[in-house]
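K.L.:
Quick one: this structure, given as structure tokens, is what I'll be asking you about.
The values are calculated or read from the model by the stated rules, or taken from the named source; none is laboratory data. Note that the structure is predicted; figures quoted are calculated from it, not measured. Here the Cβ positions follow ideal geometry from the backbone for every residue, glycine too, while neighbour counts run over all protein chains shown.
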């Protein structure tokens, strides 16, 4: 866990953020022809140790969070995603430690904790700069996906 994450956010969001980042990185690095719900579940299982049980108040809460995140990821990476390879996977620093930006040729998808106008506005402001710095252009469409 990074020092920035530890000081800026409670332990639980940091644990979930690190877990999500590794799972999404693993899935995005998988060849499109090998992507499937099973390969996503395999990535979730492989990186599950990053989601420390000690960061949760009870084993039940841990299981519920793991189930919810798994469900969201399976929905987020639906069948249409298998054929595309993202140009970039970028996460912000400190305040954005649990935010994931996935850039495709035609759109940017962002994983956010909850549907809040401030978070969406912040993404709309940050995405063009992040994309231009990383890949030299910014797709027109911003898609926000919420984990809550």
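K.L.:
When both residues are 6+ apart or on different chains and their Cβ atoms are under 7 Å apart, which pairs have a first residue that lies in region 137-148 and is within 13 Å of residue 100 (Cα to Cα), and a second that is part of a loop (DSSP other than H, G, I, E, B) and modelled with pLDDT under 85?
P.N.:
Once the first residue is within 13 Å of residue 100 (Cα to Cα) and sits in region 137-148, its partners that are part of a loop (DSSP other than H, G, I, E, B) and modelled with pLDDT under 85 give 146/114; 146/115; 147/113.
K.L.:
May I ask you to verify whether residue 59 is surrounded by fewer than 15 Cβ atoms within 10 Å (Cβ to Cβ) and in contact with a helix residue (DSSP H, G or I) (Cβ under 8 Å, 6 or more places away or on another chain)?
P.N.:
Judged against the criteria, residue 59 is a match.
K.L.:
Still on this structure: Please find, within region 42-56, the residue that is surrounded by the fewest Cβ atoms within 10 Å (Cβ to Cβ) out of those that are closer than 25 Å to residue 104 by Cα and under 15 Å from the mean Cα position of the chain (by Cα).
P.N.:
47
K.L.:
Tell me which of these residue 94 doesn't satisfy, since it passes every other one: (1) surrounded by 13 or more Cβ atoms within 10 Å (Cβ to Cβ); (2) modelled with pLDDT under 85; (3) within 21 Å of residue 113 (Cβ to Cβ).
P.N.:
With respect to (1) surrounded by 13 or more Cβ atoms within 10 Å (Cβ to Cβ); (2) modelled with pLDDT under 85; (3) within 21 Å of residue 113 (Cβ to Cβ), residue 94 is out only on (1).
K.L.:
Still on this structure, I have one more. Which condition from (1) part of a strand (DSSP E or B); (2) at pLDDT below 85; (3) closer than 25 Å to residue 38 by Cβ is the one that residue 101 breaks?
P.N.:
Among (1) part of a strand (DSSP E or B); (2) at pLDDT below 85; (3) closer than 25 Å to residue 38 by Cβ, the lone unmet condition for residue 101 is (3).
K.L.:
Continuing with this model, one more query. Evaluate region 113-123: report whether one residue or more is assigned to a helix (DSSP H, G or I), farther than 16 Å from residue 39 by Cβ, modelled with pLDDT under 85 and in contact with a strand residue (DSSP E or B) (Cβ under 7 Å, 6 or more places away or on another chain).
P.N.:
Keep residues of region 113-123 that are assigned to a helix (DSSP H, G or I), which gives 117-123.
From what's left, farther than 16 Å from residue 39 by Cβ: 117-123.
With modelled with pLDDT under 85 added as a condition, the list becomes 119.
From the residues that got through so far, the ones that are in contact with a strand residue (DSSP E or B) (Cβ under 7 Å, 6 or more places away or on another chain) too are 119.
Yes.
K.L.:
Checking residue 20 against (1) part of a helix (DSSP H, G or I); (2) out of contact with any strand residue (DSSP E or B) (no Cβ under 7 Å at 6 or more places or on another chain), only one condition comes out false. Which one?
P.N.:
Unmet for residue 20, out of (1) part of a helix (DSSP H, G or I); (2) out of contact with any strand residue (DSSP E or B) (no Cβ under 7 Å at 6 or more places or on another chain): (2).
K.L.:
So in region 62-73, with the set limited to residues that are over 14 Å from the mean Cα position of the chain (by Cα) and buried (at least 16 other Cβ atoms within 10 Å of the Cβ), which one is nearest to residue 147 (Cα to Cα)?
P.N.:
Going through the qualifying residues, I end up with 65.
K.L.:
Another question, then. Kindly indicate the residue of region 22-41 that is surrounded by fewer than 20 Cβ atoms within 10 Å (Cβ to Cβ), within 21 Å of residue 52 (Cβ to Cβ) and out of contact with any helix residue (DSSP H, G or I) (no Cβ under 6 Å at 6 or more places or on another chain) and also modelled with the highest pLDDT among those meeting that condition.
P.N.:
Here the answer is 41.
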